[in-house]
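Accompanying notes for the structure given below.
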Amino acid sequence: MKLILKIWRQNSASERGRFVDYSLSDISPESSFLEMLDILNEKLIMEGEEPVVFDHDCREGICGTCGMYINGRPHGPDELITACQLHMRKFSDGDTIVIEPWRARAFPVIKDLTVDRSALDRIIEDGGYISVNTGNAPDANSIPVNKEHADLAMDAAVCIGCGACVAACKNASAMLFVSAKVSHLALLPQGRIEARERVHKLVARMDALGFGNCTNTGACEAECPKGIKLTNIARLNREYYRSRIF
Amino acid sequence: MTKLESKIPDGPLEKKWSNYKATQKLVNPANKRKLDVIMVGTGLAGAAAAASLAEMGFKVKSFCYQDSPRRAHSIAAQGGINAAKNYPNDGDSIYRLFFDTIKGGDYRSREANVYRLAEVSNNIIDHCVAQGIPFAREYGGTLANRSFGGALVSRTFYAKGQTGQQLLLGACQAQSRQIKQGNIEMYPRMEMLNLVMIDGRARGIIARDVITGKIERYSAHAVVLATGGYGNVYFLSTMAMGANVTAAWQSYKKGAAFGNPGFVQIHPTCIPVHGDYQSKLTLMSESLRNDGRIWVPKNKEDAEKIRKGEIRPGDLSEEERDYYLERRYPAFGNLVPRDVASRAAKERCDAGYGVGNTGLAVYLDFEDSIKRLGKDAIEAKYGNLFQMYEKITDDNPYETPMMIYPAIHYAMGGLWVDYELQTTIPGLFAAGEANFSDHGANRLGASALMQGLADGYFVLPYTIQNYLADEINTPRFATDAEEFDAAEKETSEKLHQLLNINGSKTVDSFHKQLGRIMWEHVGMARNQDGLKKAIELIRVLREEFYKDLRVPGNLNDLNPELQKAFRLADFLELGELMAMDALNREESCGGHFREEYQTNEGEALRNDIDFAYVSTWFYKGDEKAPEMVKEILNFEAIELKQRNYK
């Protein structure tokens with residue numbers, strides 16, 4: 001395949017960035033999107049230019065490290081995958097592909113396609129856990145968990161923290177991310193004890209970190225590579241209001 | 001000669017760990033606050049240990065190269081975690097889990113360590129449930145189990161196909177809580193490049209801030225390496241791209257011995273290689289072997305036609321298929337251990353029965369299970385794995401069998417540690433995959449998560465106190481000691497050297513060459529000539545690397561090529577040691593298969609008289625051969641037998 005790439009290049013957060021055009025040929029449709037970028041980088045290095053910096057690690061869609069807009073969509077044109085799972089067969093010969101970093105106030109650009117997503121960790125630090133120390137747990141089967149709730153908790157817990165929801169949202173809200181953690185823990189009996197406090201702390205921290213609020217457009221759900229549902233945001237809101245009233 | 005002290009406690013096997021805990025030294029709460037521990041790596045072992053130590057009151061500094069601790073590669077473990085709970089009432093026990101693990105490891109691990117692992121396995125499940133890990137449940141609300149290779153019981157707990165992710169997030173959340181409480185200082189995107197020793201003890205590390213390129217110094221009373229495995233020495237593996245051996249290797253060069261470096265695991269069910277641009281291999285969980293049947297065509301002509309695309313697997317009738325694992329190993333069938341399944345796949349493909357366009361693939365077929373249980377049941381169990389497969393290969397595994405082939409997956413070898421998880425350097429500990437300790441020559445499925453969390457939650461937080469109790473009078477120290485100066489200088493010079501070669505070949509091109517040498521000669525089947533050749537080839541490649549490498553960019557910047565170059569420099573040395581270790585071990589055991597040593601039926605032929613030991617390697621300088629010291633393995637509880645899965 002032959003491709004034209006328009007890639008965002010930016011040296012640091014304080015410098016201005018710009019799109020730079022690159023052309024590539026002989027790309028196998030069986031290669032992955034990041035392998036295509038590897039090929040570009042090898043070429044740039046041989047030509048004496050600086051390679052494009054992008055975050056990636058597991059390359060199997062689970063670590064949440066990779067993330068970029070590809071033709072305007074977080075993680076690219078395919079559904080329910082991360083950028084590393086995207087394959088070139090989803091594109092056509094001669095295509096122009098536009099590649100940009102996540103754009104959100106809470107995710108400053110570090111270099112090229114790499115952004116700082118540590119704000120997501122700050123949110124979790126404020127209460128995205130069950131406060132139990134190692135060594136004082138009862139037998140694992142002593143608290144039965146309704147299977148339906150356990151399954152719903154799991155569906156929320158699969159969030160990989162990639163930030164696509166924030167990138168997709170016109171308000172750059174982290175509501176889907178926060179609601180996934182709130183739901184995961186609130187749905188389990190072990191997590192109910194701190195549920196009330198948790199939802200408040202996490203939402204407050206999200207606001208303080210510069211993420212926007214949720215206006216129910218659903219872009220986050222549409223772009224989430226793990227299929228986290230909007231119903232988690234509904235659950236977060238319910239938890240939030242309930243904790244205010246009772 | 002260097003002596004190894006494994007510090008295995010006295011007493012009967014089942015009493016050793018409780019005896020140890022009853023008599024070990026502890027640190028009182030007021031003193032814990034005065035003691036610092038450096039934790040390198042935030043996977044299961046690192047995050048669990050950091051959280052547990054911080055909960056006790058120690059001050060922890062945690063490091064990872066990723067942008068967030070939650071992204072450590074434990075996250076990619078799919079299938080599950082073993083424990084001897086015996087919830088299914090199918091005859092499991094601590095002894096049986098211990099026995100299966102020793103046998104699965106082909107009798108090359110320490111009895112006392114493995115027994116302790118089996119003992120604490122149940123605490124792990126209890127703790128993880130308390131943390132809110134959403135394990136799979138039965139309709140009555142109790143925990144569900146499934147089976148993994150090498151076991152006749154169902155002892156594996158799981159959270160769909162994302163068990164590692166859920167366990168890691170649990171550990172990282174516990175860690176986050178301690179960060180919030182001020183007991184852990186977290187340093188993401190900070191890569192350890194050197195170990196600092198003062199008066200023969202580990203006292204700190206040199207790390208590079210990946211974003212700014214700045215080299216930093218950190219001191220502590222003890223250093224723990226939980227830095228994972230070294231599978232990326234093969235270039236293509238199921239490891240994360242950034243996974244590396246640098247922290248462990250730099251420590252080896254400072255005096256920490258390396259145990260069984262040649263023992264790596266080749267996982268039988270990975271998506272086959274499809275092109276030379278490929279950057280990584282993707283695992284398909286072993287749990288799939290619960291319901292999938294592995295086969296190749298019975299006739300070579302059919303295999304040939306399939307490779308050419310003239311017929312499809314579905315065109316072959318039941319009689320025309322060879323379910324070779326079920327044929328060769330009727331008792332365990334598709335659930336034989338990984339090393340056995342991998343070799344059997346290689347044997348069929350080498351004999352000309354392989355499928356796929358390269359001929360290096362076998363089928364993993366779900367047709368029978370879908371007929372028996374329905375598509376919905378299979379989707380509920382493995383949905384995410386099937387989706388992952390389809391995204392990569394463009395094939396729908398509900399309709400056509402998956403194609404799989406073995407790939408490098410795990411390192412059983414690692415830094416040698418004693419019963420306390422301490423390396424041969426006082427004050428330097430190693431936990432999780434980074435140590436050599438519990439899996440012998442082959443790891444059983446769902447045991448890596450068990451070991452990582454056992455080390456992190458329940459072993460290291462105890463044993464490290466036995467060391468730290470003697471450190472209570474050591475005040476916190478500054479990082480301006482001359483030992484820090486020297487270590488920083490050494491690292492800085494190495495970085496400059498790599499940047500200034502200005503050659504004509506990229507890091508990846510060297511790495512791919514190393515990977516090919518390793519896979520061909522130090523891979524699934526090894527022999528004397530091949531291993532000797534590998535050592536030669538690696539030496540030549542290493543020389544070329546330092547002459548012709550090209551690293552673009554600057555030192556004081558985010559420069560992934562420089563990071564990769566530093567890691568590869570260490571892999572180029574490790575690869576040689578792995579080949580030397582494999583050459584020394586003139587027997588076949590577990591994942592280490594020497595072609596010269598096999599039974600008439602092609603099974604691994606162990607030599608317990610001469611090789612029932614851990615080969616422990618000490619660095620003696622770049623120009624000198626390393627010294628190999630044997631830690632003889634004494635088997636008191638278990639009788640050594642040839643493994644039989646028939």
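The values are calculated or read from the model by the stated rules, or taken from the named source; none is laboratory data. Source: prediction; values computed, not measured. Reconstructed Cβ throughout: ideal geometry from the backbone, glycine too, with neighbour counts over all protein chains shown. Only protein heavy atoms, including side chains, enter the accessible area calculation; ligands, DNA and RNA are left aside. Shrake-Rupley method; radii C 1.70, N 1.55, O 1.52, S 1.80 Å.
A few points about this structure:
- Signed unit charges on C-beta, dipole axis of the range B:1-126, positive-most listed residue B:N89, B:S109, B:S68: B:S68
- Estimated from helices alone, the mean residue ellipticity of chain B at 222 nm is -11500 deg cm²/dmol (sum of -39500 (n - 2.57) over DSSP H runs with n ≥ 4, per residue).
- Helix A:147-157 axis, angle to chain A major axis (alpha carbon atoms, nearest 10°): 40 degrees
- Net charge dipole, the protein assembly as shown: roughly 2220 debye, given to the nearest 20, about the Cα centre with Cβ charges of +1 for Lys and Arg and -1 for Asp and Glu.
- Of interest is the spacing of the C-alpha centroids, which for the range B:446-477 and the range B:493-517 amounts to 36 Å.
- Between B:R476 and B:R516, the simple label model (points 7 Å from Cα in the Cβ direction) yields a spacing of 5.3 nm.
- Largest-first ellipsoid semi-axes for chain A, taking √(5λ) over the Cα gyration tensor eigenvalues, angstrom: 38, 19, 16
- Out-of-range pairs (alpha-carbon distance over 23 Å; input A:K229/B:K160; B:K253/B:K489; A:K90/A:K229): A:K90/A:K229
- With contacts taken as Cα pairs under 8 Å and at least 6 residues apart, the range B:267-409 reaches a relative contact order of 34 percent.
- Taking all C-alpha pairs of chain B, those more than 37 Å from each other amount to 32 percent.
- Folded to 0 to 90 degrees: helix B:560-584 orientation relative to chain B principal axis, Cα: 70 degrees
- Dipole in debye (nearest 20) - chain B, about Cα centre, beta carbon charges: Lys, Arg +1; Asp, Glu -1: 1100 debye
- Environment charge at A:V145 (Cβ cut-off 13 Å; Lys +1, Arg +1, Asp -1, Glu -1): 0
- The accessible surface of chain B, taken with every protein chain in place and a 1.4 Å probe, is 47 percent carbon and sulfur.
- If R0 is 45 Å, the Cβ-Cβ spacing of B:Y277 and B:L26 corresponds to a FRET efficiency of close to 0.25.
- Amide hydrogen neighbours beyond the local backbone of A:I97, cut-off 5 Å, H modeled: A:I4, A:L5, A:K6
- Only Lys, Arg, Asp and Glu carry charge here, each on its Cβ (+1 for the first two, -1 for the last two); on that basis the range A:3-111 has a dipole of about 580 debye about its Cα centre.
- Alpha-carbon gyration tensor eigenvalues x 5, square-rooted, for the range A:137-228, Å: 27, 16, 9
- Average projected area [Cα convex hull, the range B:257-410], square nanometres: 10.5 nm²
- Neighbourhood charge, 15 Å Cβ-Cβ cut-off, centred on B:A136 and excluding it, Lys, Arg +1 and Asp, Glu -1: +1
- Note on B:S93 and B:N584: their simple-model spin labels are 3.8 nm apart, each label 7 Å out from Cα toward Cβ.
- Fraction in percent of alpha-carbon pairs per bin - 10 Å, the range A:120-185: 18, 41, 30, 9, 2
- Residue-normalised convex hull volume from the C-alpha trace of the range B:499-620: 123 Å³ per residue.
- Net +/- balance of residues flanking B:R307 in space, Cβ distance below 14 Å, scoring K and R +1, D and E -1: 0
- Here the protein assembly as shown has an Rg and Dmax of 25.8, 76 Å, counting Cα atoms alone.
- Leaving ligands and nucleic acids aside, the A/B contact buries around 6100 square angstrom of accessible area in total at a 1.4 Å probe radius.
- Considering only the protein assembly as shown, percent of DSSP beta bridges that pair antiparallel, nearest 5: 70 percent
- Cα centroid separation - the range A:10-55 against the range A:162-204, whole Å: 35 Å
- Listed residue (B:L562, B:G523, B:S504) projecting farthest to the positive dipole end of the range B:482-612, Cβ model: B:S504
- Measuring nothing but how far apart in sequence close Cα pairs (under 8 Å, 6+ apart) lie, relative to its length, chain B scores a relative contact order of 20 percent.
- Residue-normalised accessible area of the range B:267-409, given per residue in Å² at a 1.4 Å probe: 39 Å²
- Residue-averaged 222 nm ellipticity for chain A, from DSSP H runs of 4+ at -39500 (n - 2.57), nearest 500: -10500 deg cm²/dmol
- Rounded to 5, percent antiparallel among DSSP beta bridges of the range A:3-111: 75 percent
- Inter-label distance for B:E490 and A:M46, nm, one decimal - labels placed 7 Å from Cα along Cα-to-Cβ: 3.7 nm
- Residue separation of A:N71 and A:D116 scaled by 0.36 nm, minus their Cα-Cα distance, works out to 14.1 nm of gained length.
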